[in-house]
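Everything on this sheet refers to the single structure shown next.
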Amino acid sequence: MQVIILAAGRGTRMGALTDEVPKPLLEVEGKTLLEHKFDVLPDIITEIVLVVGYHGPKIRERLGDTYGTRPITYVTQETLNGTGGALWEAEGILRERFVIMMGDDLYAREDIEQCIATPGWSILVSATDHMQSGGRMVDRDGAIVAIEEGEHQGPGLMNTNLFVLDPSLFGHHLVPKSAGSPEYGLPQTVLAASLATGRALSAVYATTWIQVTSPEDLERAARELPALFPRA
């Protein structure tokens with residue numbers, strides 16, 4: 001099984017930290033965000049596909065062509081046109097059901113395994129008591145049926161951008177992140193395909209998800225990292 005990791009963006013909210021280093025190469029406790037992600041991949045994952053863009057050669061120089069026993073295949077996203085556009089760059093090399101995740105956020109192995117074990121398409125969501133701006137996922141009977149964009153208050157479901165999908169997705173059109181946006185959104189595209197075909201996008205609830213968007217998040221990640229490695 002392949003995992004595709006979207007690692008093309010700069011991470012502008014990191015400020016000067018990403019002037020010379022792409023966000024997925026920022027370090028927590030002596031390892032890059034990408035390496036921490038690699039370390040929790042389930043055994044069923046046999047190949048890593050990295051979509052790179054900003055400072056892409058630095059990622060390849062740091063990681064090389066293998067990580068442990070897993071080969072790494074690189075795909076370049078020349079135009080940064082969103083997470084949907086990034087996935088479409090790898091259309092030709094994704095052969096069967098695959099995992100997709102972001103290059104910065106950190107996930108727990110058991111959550112990845114649960115997404116894989118869920119039949120068909122699945123998405124990892126995180127319950128929160130304090131929704132703010134962004135997309136709120138709507139779960140109806142265990143499947144995501146809508147994304148509510150805007151400012152939110154109170155409890156809700158956040159999208160972690162970890163999916164298990166298959167190549168049939170590429171038979172559908174990319175959907176803009178929002179009306180008039182030059183970026184194609186992966187959640188929007190997957191949900192539209194799910195609704196058009198009647199194929200459920202099953203919701204899997206995260207036990208641990210470390211979202212990394214700002215320098216402060218790197219400090220929080222260092223504190224919470226043991227949750228991802230409970231046996232260490």
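The values are calculated or read from the model by the stated rules, or taken from the named source; none is laboratory data. These figures come from a predicted structure and were not determined experimentally. Reconstructed Cβ throughout: ideal geometry from the backbone, glycine too, with neighbour counts over all protein chains shown. Each accessible area value is taken on the protein alone, full model and side chains, heavy atoms only, with ligands, DNA and RNA left out. Shrake-Rupley method; radii C 1.70, N 1.55, O 1.52, S 1.80 Å.
A few remarks follow.
- Scanning the range 153-208 for residues that are at pLDDT below 90 and either open to solvent by less than 20 Å² (accessible area, probe 1.4 Å) or charged (D, E, K, R) (or both) yields Gly156, Lys177.
- Single match in Asp166, Asp141, Asp217 (criterion: within 19 Å of the chain's Cα centre (by Cα) and over 19 Å from Ala7 (Cα atoms)): Asp166
- Flag set for Ala117, criterion: surrounded by fewer than 21 Cβ atoms within 10 Å (Cβ to Cβ) and at pLDDT 95 or above.
- Contact map, the range 128-139: first residue among the basic types (Lys, Arg), second residue at pLDDT below 85, Cβ cut-off under 7 Å, separation 6 or more or different chains; pairs are Arg136/Glu148; Arg136/His152.
- The residues in the range 7-30 that are assigned to a strand (DSSP E or B) and either open to solvent by 30 Å² or more (accessible area, probe 1.4 Å) or under 21 Å from Thr79 (Cα atoms) (or both) can be counted, and the count is 2.
- All conditions but one from (1) farther than 23 Å from Leu186 by Cα; (2) among the β-branched types (Val, Ile, Thr); (3) modelled with pLDDT under 95 apply to Thr12; the one that does not is (1).
- Scan the range 40-56 for residues that are at pLDDT below 95 and either open to solvent by 30 Å² or more (accessible area, probe 1.4 Å) or under 21 Å from Arg95 (Cβ atoms) (or both) and the total you get is 2.
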